[in-house]
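Report on the structure given below.
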Amino acid sequence: MMKKEPVIKVTDLSYKYAKDTVLEDVTLSVPQGAFLSIVGPNGSGKSTLLKLLLGLLKLQKGSIELFGQDIRNFRDWQKVGFVSQKANSFNSGFPATVLEVVLSGLTKKIGLFRFAGSEHKKRALKALDSVGMLSFQQRNIGELSGGQQQRVFIARALVSEPDMLILDEPTVGVDAQNVHQFYDMLEMLNKDLGITLLLVTHDVGTVTDKVTHVACLNKKLHFHGNAGEYQALNEEELSDVYGPGVQMLSHNH
């Protein structure tokens, strides 16, 4: 049986702004179908790594391959969905329905000034159903809670049927009682739809019950392994990544 190409392969990646090194010799591989959480303190290089993976910053040192192809030659961006921290800063007065927001994820396929056809709407409704927001399709996006809005933005990313979804701190603006349901939904997308998920988060304990792999980043990659190995790290090993006095709390009640 042929071994599948990793979805992401990062080798000896370093990056600096002026003289400030933010990433140093990072090597990381993400297998197909994984649910990887990248964790680390503020200023650890997580945002820079995401921008490099999304092609928003040019490589300085090292290499990145997406789906087996050098990122400098990669053009198949419909395979990659991205969800940013939108729920925390979204303009609640924006005049669009939930369905319209999701359909906007198909603008490249439909064309800028053309109307969505029935097939496009079917795909949008399917995406909304997969994140539990089908019954909200005609609601104005501004009427929804932060967590509901973030689900809609995930549906917008899913409507183009990507193979991988990258999420940057998706629970910012989501109230605490809904965070668990939110992570349950991500786990379902990973397991049931087979989408590779890459999640950047500060919420260390909660995600370890859902993810398959964890990468601890603090300029360098201090740990990269499966979730069980991460949960087995002792306090001293965790302090190498997060600083002294950090304990990992599991939220699996």
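Residue by residue, here is whether (1) surrounded by 14 or more Cβ atoms within 10 Å (Cβ to Cβ); (2) free of Cβ contacts under 8 Å to residues at least 40 places away in the same chain; (3) under 14 Å from VAL211 (Cβ atoms) holds:
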| site | (1), (2), (3) |
| --- | --- |
| LEU165 | yes, no, yes |
| THR171 | yes, yes, yes |
| ASN178 | yes, yes, no |
| ASP184 | no, yes, yes |
| LEU198 | yes, no, yes |
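In the range 217-238, the qualifying residues are those that are more than 18 Å from ASP12 (Cβ to Cβ) and buried (at least 20 other Cβ atoms within 10 Å of the Cβ), and the one that is modelled with the lowest pLDDT is LEU238.
Within the bounds of the range 13-20, is there any residue that is within 30 Å of SER239 (Cα to Cα), touching an Asp or Glu at 6+ places or on another chain (Cβ under 6 Å), part of a loop (DSSP other than H, G, I, E, B) and of a type in the set (Ser, Thr, Tyr)?
no
Evaluating SER47 against the criteria (1) in a helix (DSSP H, G or I); (2) modelled with pLDDT under 95; (3) buried (at least 21 other Cβ atoms within 10 Å of the Cβ) leaves one unmet condition, (3).
Annotation note: of LEU189, LEU221, LEU197, the sole residue that is under 15 Å from the mean Cα position of the chain (by Cα) and closer than 20 Å to LEU54 by Cα is LEU197.
Yes or no: the range 145-160 includes at least one residue that is within 26 Å of TRP77 (Cα to Cα) and surrounded by fewer than 16 Cβ atoms within 10 Å (Cβ to Cβ). Scanning the range 145-160, I find no residue that is within 26 Å of TRP77 (Cα to Cα) and surrounded by fewer than 16 Cβ atoms within 10 Å (Cβ to Cβ), so the answer is no. Which residues, taken from the range 162-186, are more than 15 Å from the chain's Cα centre (by Cα) and within 19 Å of SER104 (Cα to Cα)? Within the range 162-186, no residue meets the criteria.
The set of residues from the range 145-163 being farther than 22 Å from LYS122 by Cα and either without any contact (Cβ under 8 Å) to a residue 60 or more places away in the chain or polar (S, T, N, Q) (or both) comprises SER145, GLY146.
Might you check whether a residue that is farther than 23 Å from GLN78 by Cβ and hydrophobic (A, V, I, L, M, F, W, C) occurs anywhere in the range 192-207? Within the range 192-207, one or more residues are farther than 23 Å from GLN78 by Cβ and hydrophobic (A, V, I, L, M, F, W, C). Only one of the numbered conditions (1) in contact with a His (Cβ under 9 Å, 6 or more places away or on another chain); (2) at pLDDT below 90; (3) within 24 Å of ARG151 (Cα to Cα) is not met by PRO41, and that is (3).
The values are calculated or read from the model by the stated rules, or taken from the named source; none is laboratory data. Values in this document were obtained by computation on a predicted structure and should not be read as measured data. Methodologically, a virtual Cβ is constructed for each residue, glycine included, from the backbone with ideal geometry; neighbour enumeration extends over all protein chains shown.
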